[in-house]
There are 2 protein chains.
Amino acid sequence: MVREQTASMEDYLEAIANLREEGKAVRVKQVSQVLHVKMPSVTSALKKLSGEGLVRHEPYGYIELTSRGDKAAKDVVGRHKALSCFFSQALDIDPGTAEEDACKIEHVISRLSLERLTKFLQFTQACPLGEANFSKRYKYYLEHGELPEECLLRISKVKKASE
Amino acid sequence: MVREQTASMEDYLEAIANLREEGKAVRVKQVSQVLHVKMPSVTSALKKLSGEGLVRHEPYGYIELTSRGDKAAKDVVGRHKALSCFFSQALDIDPGTAEEDACKIEHVISRLSLERLTKFLQFTQACPLGEANFSKRYKYYLEHGELPEECLLRISKVKKASE
DNA sequence: ATCTATTGTTAGACGAGTCTAACAATATTC
DNA sequence: GAATATTGTTAGACTCGTCTAACAATAGAT
């Protein structure tokens, strides 16, 4: 699946899908507010996306995604979630920054890197190595700039145990 | 330090800095080849960057960075290196993809996330937790889809040792 | 020193995406 | 149900960054 939409068009698809998800009426005004653009920009984007069969929109009516549009939107949303998850959980970034970065990076990251990022997150959460998990030790390292005592401690214990 | 350049202009600065670094003569042709754009695009970019005092360039002459331009370029290059390093080393992505992704993401990632990514990499490399380091275990997980034996094993050993 | 190949520049078109201004349709309110 | 407010559309300007085509300067070869 090649990336066939520009960053902007992906943003429109994503915004429509999110509004849909929140049960809100999807109208030009809403989209324009979410994306911080003026209404004519939305109209113009909708025209383009309709032309490509990703969106259904009669003038002055509600905005809907076609099944193809929905698929494309879900793809973007998935990328977004994976990224913001990675940033906030693995890197302990504040939600605001995590969102911001996800919004930008979602348009440019490769499939492979995204998949690996996800797996990395799963791994760090699945491989706790004792009572303190990886994330906790990382956060200690972030705060103090050096490895946590218990991390070094554990190494010596392991060595003893395997002797 | 706010991001004051567009992605394109950052690409030009970066390319000039890299060519410089490699000791090559920095000319319009070289830059155009590196960035896969035509020469008029380079000329036009140079005009813009000169106007902003980031580049020195007499018509038909060599291209140089001013000190401000150099600073800006070093900043981009630093972001690029941090990212490609993270992708290739922490996520075990092939160098080609790591480069590609770094090239895109370097223009949009926040300072904070970049810093954390770097620290994360340092941490995973500094916190080996025994003979097999974190990266190795992660790569095992990548290949086999489950935690390595020795990882689970170590946990029990640690538990035994601390009993 | 001239002729040719290469490199670089200028001019101008184009596509993408945004905006403002003006107008049109729909909703709301009295 | 007419007056007004809100929402949406159209038209057209603008920026950014790219391109092609045509021309100009420099470098290299004979």
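The values are calculated or read from the model by the stated rules, or taken from the named source; none is laboratory data. The shown structure was predicted, so the numbers you read here are calculated from the model rather than taken from an experiment. Every residue, glycine among them, receives a Cβ derived from its backbone with ideal geometry; neighbour counts consider all protein chains shown.
Of the set (1) within 14 Å of chain A (Cβ to nearest Cβ); (2) loosely packed, with under 15 Cβ neighbours inside 10 Å; (3) modelled with pLDDT under 95, all apply to residue B:6 but (3). Considering every residue within the range B:96-103, establish whether at least one is over 15 Å from residue B:77 (Cα atoms), at pLDDT 70 or above and assigned to a helix (DSSP H, G or I). Yes, there is a match, as at least one residue in the range B:96-103 is over 15 Å from residue B:77 (Cα atoms), at pLDDT 70 or above and assigned to a helix (DSSP H, G or I). Inspect all residues belonging to the range B:27-49 and state whether any of them is more than 22 Å from residue B:106 (Cα to Cα), surrounded by 13 or more Cβ atoms within 10 Å (Cβ to Cβ) and more than 8 Å from DNA strand C (Cβ to nearest atom). Checked the range B:27-49: no residue is more than 22 Å from residue B:106 (Cα to Cα), surrounded by 13 or more Cβ atoms within 10 Å (Cβ to Cβ) and more than 8 Å from DNA strand C (Cβ to nearest atom).
Among the conditions (1) touching a strand residue (DSSP E or B) at 6+ places or on another chain (Cβ under 6 Å); (2) exposed (fewer than 13 other Cβ atoms within 10 Å of the Cβ), residue B:69 misses just one, which is (2).
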